[in-house]
1. How charged is the neighbourhood of GLY85? Take every other residue with its Cβ under 11 Å from the Cβ of GLY85, and add Lys/Arg as +1 and Asp/Glu as -1.
2. Using amide H atoms built in the peptide plane, which far-off residues or other-chain residues are under 5 Å from VAL65 H to H?
3. Quick one: grab the alpha carbon gyration tensor of region 21-87, order the square roots of its eigenvalues as a ≥ b ≥ c, and give me rounded if a/c is under 1.5, else prolate or oblate depending on whether a/b is larger than b/c.
4. Taking 7 Å along the Cα-to-C-beta vector as the label spot, tell me the ALA43-ASN90 distance in nanometres, rounded to one decimal.
5. Just subtract the alpha-carbon distance of GLU60 and GLU113 from 0.36 nm times their residue separation and send over the number in nm, one decimal.
6. Rank ILE26, ILE35 by accessible area, highest first, at a 1.4 Å probe radius?
Amino acid sequence: MPTSILFPLLFYLFASFYISNGSQLILVNNCQESIWPGILGGAGHPTLKDGGFRLNSGEEVVLDVPEKWSGRIWGRQGCNFDQNGKGSCNTGDCSRQLRCQGTGGVPPATVVEMTLGTSTSPLHFYDPWK
């Protein structure tokens, strides 16, 4: 049976972890507006989804996460990007890019830092901070 941890990220953005032959991170936008999650892999860990994407109201995305993944996720609001992914966000902006690609979010931003376990050691650690 998979283990699950549920925690709030920003403005009703939720994520949960499931361990069963790998890990998945599920991000759900329960806001009334679009948000743009920013993602940054920790040292030696990949940055998922190239570091950022748009998540419309009511949408969810399932991310396959490598075992022992470590990194940060934060919500960005009030973003406007052109067709090349250049623009800015009112909160959590990362170098004026849609895909943060290794750049963290500029305050104000609520960030969740996490380190995931493995299928044989299913302990997960996370730390939400503002």
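1. +2
2. Under 5 Å from the amide H of VAL65 lie the amide H atoms of SER23, GLN24, LEU25, each far enough along the sequence or on another chain.
3. Values: a/c = 2.43, a/b = 1.46, b/c = 1.66.
In terms of gyration-tensor shape, oblate.
4. According to this spin-label approximation, the distance is 3.6 nm.
5. 17.1 nm
6. Descending accessible area places them as ILE26, ILE35.
The values are calculated or read from the model by the stated rules, or taken from the named source; none is laboratory data. Every value quoted in this text rests on a predicted model; they were computed, and no experiment measured them. We place every Cβ from the backbone using ideal geometry, glycine too, and count neighbours over all the protein chains shown. The protein model used for the area step is the full one, side chains on, heavy atoms only, and it has no ligands, DNA or RNA in it. Shrake-Rupley method; radii C 1.70, N 1.55, O 1.52, S 1.80 Å.
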